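Everything below concerns the one structure shown next.
The values are calculated or read from the model by the stated rules, or taken from the named source; none is laboratory data. None of the values given here were measured: they were computed from a predicted structure. No Cβ is skipped: glycine too gets one built from the backbone with ideal geometry, and neighbour counts run over all protein chains shown.
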Amino acid sequence: MSKLYKNMSYARALEKAMRYCSYQERCLMDMEKRFYAWNVKKTDWDKIIDYLIDENYLNETRFIEAYVRGKFVIKRWGKNKIIAGLMQLNLSGSKVTKAIDSEIEEKAYVKTIQELITKKSALINESDSLIKRDKIYRYLLSKGYESELVVRELNALAKEIS
């Protein structure tokens with residue numbers, strides 16, 4: 001984004017925005033950042049965004065679903081961190097809740113917690129089991145997992161951790 005553009009024309013901005021949105025799912029905030037970087041006139045922003053939504057280049061629901069799926073499967077984030085990430089993009093509400101419920105199965109969620117506990121346990125060189133358990137707990141909270149679930153799974157895997 002270090003390139004500085006002179007005032008970009010509506011047609012050129014629309015062309016670039018269509019290409020930008022067809023490459024990967026985008027949200028409204030992504031487009032606004034791009035318009036600012038491309039130095040598009042503020043009067044053209046709404047027209048371009050309306051066109052992108054009408055032509056299905058920009059779809060908030062599809063973006064939220066892709067974001068949730070990607071952050072959970074690839075980065076192994078928990079629900080709390082995913083929600084916080086979406087809130088930073090000014091996306092919240094029923095669409096986020098619905099996407100999390102539909103994209104993250106409960107069995108896969110618990111299995112991911114168990115895998116992270118096992119993996120982190122192997123990486124921590126600590127003789128005191130309480131300190132080791134605390135480090136794993138804090139790690140999973142930082143990944144966005146719910147405290148109750150983490151404690152439940154830590155108790156279930158207590159023998160494996162020690």
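Of the residues in the stretch 85-107, how many are surrounded by 13 or more Cβ atoms within 10 Å (Cβ to Cβ), in contact (Cβ under 8 Å) with a residue 12 or more places away in the chain and either farther than 19 Å from residue 33 by Cα or of a type outside the set (A, V, I, L, M, F, W, C) (or both)?
Number of matching residues: 7.
Here's the yes/no breakdown for (1) at pLDDT 95 or above; (2) over 30 Å from residue 159 (Cβ atoms):
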position	(1), (2)
44	no, yes
65	yes, yes
70	yes, yes
113	yes, no
130	no, no
134	yes, no
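Go over the candidates 79, 119 one by one and state the one that is touching a residue at least 40 places away in the same chain (Cβ under 8 Å) and either closer than 14 Å to residue 149 by Cβ or basic (Lys, Arg) (or both).
Sole residue among the options that is touching a residue at least 40 places away in the same chain (Cβ under 8 Å) and either closer than 14 Å to residue 149 by Cβ or basic (Lys, Arg) (or both): 79.
Of all residues in the stretch 49-84, how many are outside any helix (DSSP H, G or I) and surrounded by 14 or more Cβ atoms within 10 Å (Cβ to Cβ)?
Looking only at that region, the number is 6.
Do we have any residue at all in the stretch 21-31 that's of a type in the set (Lys, Arg), within 23 Å of residue 150 (Cα to Cα) and outside the structural domain of residue 114 (by TED's automatic domain parsing)?
no
Give the residue, chosen from 81, 42, that is among the charged types (D, E, K, R) and closer than 24 Å to residue 113 by Cβ.
81
Quick one: how many residues across the stretch 125-156 are without any contact (Cβ under 8 Å) to a residue 12 or more places away in the chain and touching a Ser or Thr at 6+ places or on another chain (Cβ under 9 Å)?
1
Could you go through the stretch 129-143 and let me know if any residue there is surrounded by 12 or more Cβ atoms within 10 Å (Cβ to Cβ) and in contact with a Gly (Cβ under 8 Å, 6 or more places away or on another chain).
Yes, the stretch 129-143 contains at least one residue that is surrounded by 12 or more Cβ atoms within 10 Å (Cβ to Cβ) and in contact with a Gly (Cβ under 8 Å, 6 or more places away or on another chain).
If I ask for residues that are of a type in the set (Lys, Arg), part of a helix (DSSP H, G or I) and buried (at least 17 other Cβ atoms within 10 Å of the Cβ), which ones from the stretch 1-48 would you list?
16, 34 - these are the residues of the stretch 1-48 that are of a type in the set (Lys, Arg), part of a helix (DSSP H, G or I) and buried (at least 17 other Cβ atoms within 10 Å of the Cβ).
For the list (1) modelled with pLDDT under 95; (2) at negative phi, I need the number of the one condition that residue 39 fails.
That leaves (2) as the condition not met.
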